[in-house]
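The values are calculated or read from the model by the stated rules, or taken from the named source; none is laboratory data. Worth saying up front: this structure is predicted, and the values here are computed from it rather than measured. Note that each Cβ is placed from the backbone with ideal geometry, even for glycine, and that neighbours are counted across all protein chains shown. The area values use the complete protein model at the heavy-atom level, side chains included, leaving out ligands, DNA and RNA. Shrake-Rupley method; radii C 1.70, N 1.55, O 1.52, S 1.80 Å.
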Amino acid sequence: MDFEFATATRIVFGEGKAATLPELARGFGARALVVTGTSPERAEAMVQALAAETMAVPGEPTVELVREGAQRAKDAGCDVVLSIGGGSAIDAGKAIAAIAANGGEPLEFLEVVGQGRALSVPPLPFIAVPTTAGTGSEVTRNAVLGSAEHGVKASLRSPLMLPRVALVDPELTYALPPAITAYTGLDALTQLIEPYVSARANPLADALSIDGIRRVASALRIAYFDGTDRNARREMALASLFGGLALANAGLGVVHGFAAPLGGGWEAPHGALCAALLPHGMAANVAALRARAPQNPALERYAAIARLLTGRENASAEDGIRWVRALCAELKIPPLRAWGIGQSDLPGVVENAARASSMKANPLPLTAEELQAVLAAAW
Ligand SMILES: [Zn+2]
C-alpha cells in the first residue's frame, strides 16, 4: 500500500477563537483583503480592526469575480487574504490569493473547461474562517469556480493553494438557519462517506471519515432543530473539517460528480444538491458493487458506514442508505426539480458528470444507465 496525505494548513479550532483573527492576520502583513459571503456585517469588527479592503461574494464564485478580486488585491497592495463565510467566500478568497500573486486570467488555470495551467508562484497567504459547517474548504487545495461562459463548475487546484491558516470557531455557525444547517451538514456527511469508499481511500483519511461520520450521525439532527446547541455545532464543525481533510487526500465520487455540472448550470446551493443525491448515489454504488465487484472493499465499507450511522452492529449497507434517506426527509431536503432542473435536462447532466473530476474516484465506474437512474431518483 502507498499513499500521500498532505496538509500544510495550520488549524486553529475552538469556541471564541475568531477574536484572535486580527492578530493572526497581522502576522502575515499589514494590508489585508477580507472576502465575505452574503452577510458582510458579520466581519465588520474584523475589517475595522485590520483597516482592510473588503469584497462581498453574493453567490457562488465565478471566474469574473476572481478576476476582479485579484485586481483589487493588487491595486491595494494587499499582502494577505482572509475569507470569512461559507464555502463560496472561502473558495473565492483562495482563488483571489492565487491569481493576485500569479497574474493572468483565472480561466488559464482552471481544470476541465480551462487550460489547467499550473501555478508558478505561491499565492498570497490565505486565511480561511468558515461560518458554515460543511464544505471543509478551509483545508482543501482547490477552489470551485463557475464560468458563466461554459455553464459548468470547475476547480482551480494546486498544492500551493492550501490555506495557511484554517480558523474554525463553532460559535460562528450558531446563527445559521435550519435549511443551511441541513444542506451544509449533509455536504459534510457526503464528504466523509465518498472518500471512505473511494478508489483512492487511505488509512489516514479513513480515520477521519470514521470519526466524522459518527459525529454527524449524533449531531446533525440536533443542530438542525436547535441551532444554539453548543455541542452539536462543535461536532458538526469538526465533522466538516475532517471531511475537508479526507476529500483533499482521498477524492470524492458520484455525488460530487453530479454536483459539478448541476451547480454550474443551475442556481442551487452545493450542499442542497449533494443532499438530494446522496442516498441515491449510495444505493447505485452498493447495487453496482454487489452485481459487478462483490470483492471490492468498498462494499464492506458501506456496511461499516451503516453501523456508524445507525449505531447497530448488524446493520447492512442498505440500512445505511435507509438511514440517510430518512434523515433527508426529516431535514426537508428538496428534490433536484425544486431548483428548476427540468426532466429533459437530465441526459445532458449525465454526459457532463461522466467527465467531472470527482467521478474518477468513485469505487467503480457506473454505466450511463446507472448514472441516469441516480439522477432520476434524486429529481
Ligand atoms: Zn461537497
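Can you grab the distance from the C-alpha centre of the stretch 163-203 to the C-alpha centre of the stretch 3-31, Å, no decimals?
With the stretch 163-203 and the stretch 3-31 each reduced to a Cα centre, they are spaced 18 Å.
Can you give the local net charge around T140? Use residues other than it whose beta-carbon is closer than 11 angstrom to its beta-carbon, Lys and Arg +1, Asp and Glu -1.
Combined, the nearby Lys, Arg, Asp and Glu give +1.
Where nothing but the Cβ of Lys and Arg (+1) and of Asp and Glu (-1) is charged, how large is the charge dipole of the stretch 123-205 around its Cα centre, in debye to the nearest 20?
Computed charge dipole of the stretch 123-205: roughly 320 debye.
Please find, in a Gaussian network model of the chain (springs between Cα atoms separated by less than 10 Å), the residue of Y183, Y196, Y224 whose mean-square fluctuation is greatest.
Most flexible of the set in this elastic network: Y224.
Under a straight-distance cross-link criterion of Cα-Cα below 16 Å, which lysines are reachable from K74, leaving out those fewer than 8 residues away in the same chain?
Those lysines meeting the cut-off are K94.
Sort 186-195, 344-353 by the packing proxy (mean of other Cβ within 10 Å over each peptide's residues), most packed first.
186-195, 344-353
Using a cut-off of 13 Å between alpha-carbon atoms, which aspartates and glutamates can reach K17, once sequence neighbours fewer than 8 places away in the same chain are excluded?
Within the straight-line limit of under 13 Å, K17 reaches these aspartates and glutamates: D169, E171.
Note the angle between two axes, namely the Cα long axis of helix 346-355 and the longest principal axis of the Cα atoms of the chain, as a number of degrees from 0 to 90, rounded to the nearest 10.
On a 0 to 90 degree scale, this one is about 70.
At 1.4 Å probe size, with every protein chain present, just tell me what the per residue accessible area of the stretch 1-99 comes to in Å².
45 Å²
Quantify, in whole percent, the carbon and sulfur part of the accessible surface of the stretch 313-379 (1.4 Å probe; protein heavy atoms only).
The computed percentage sits at 55.
Which percent of Cα-Cα pairs in the chain sits in each 10 Å bin, short to long?
6, 26, 35, 24, 8, 1, 0
Rounded to the nearest 20 Debye, what is the dipole magnitude of the chain about its Cα centre when Lys and Arg each give +1 and Asp and Glu each give -1 at the C-beta?
Value, rounded to 20: 480 debye.
Just to be sure I understand the model, the point goes 7 Å from the Cα along the line to the Cβ. What's the resulting A8 to R230 distance in nm?
Here the answer is 3.7 nm between the modelled labels.
Quick one: with all protein chains in place, what share of the accessible area of the stretch 145-271 is carbon or sulfur, to the nearest percent (1.4 Å probe)?
57 percent
For the stretch 141-155, take each phi angle, set θ = phi - 60°, evaluate the Karplus expression 6.51 cos²θ - 1.76 cosθ + 1.60, and give the result in whole Hz per residue in order, putting x for glycine and proline.
With the stated coefficients, the stretch 141-155 comes to 9, 10, 10, 8, 10, x, 10, 3, 5, 9, x, 9, 10, 9, 9 Hz.
Which of T54, T140, T132 ends up with the largest GNM mean-square fluctuation for the chain, with Cα atoms connected below 10 Å?
The residue that fluctuates most here is T54.
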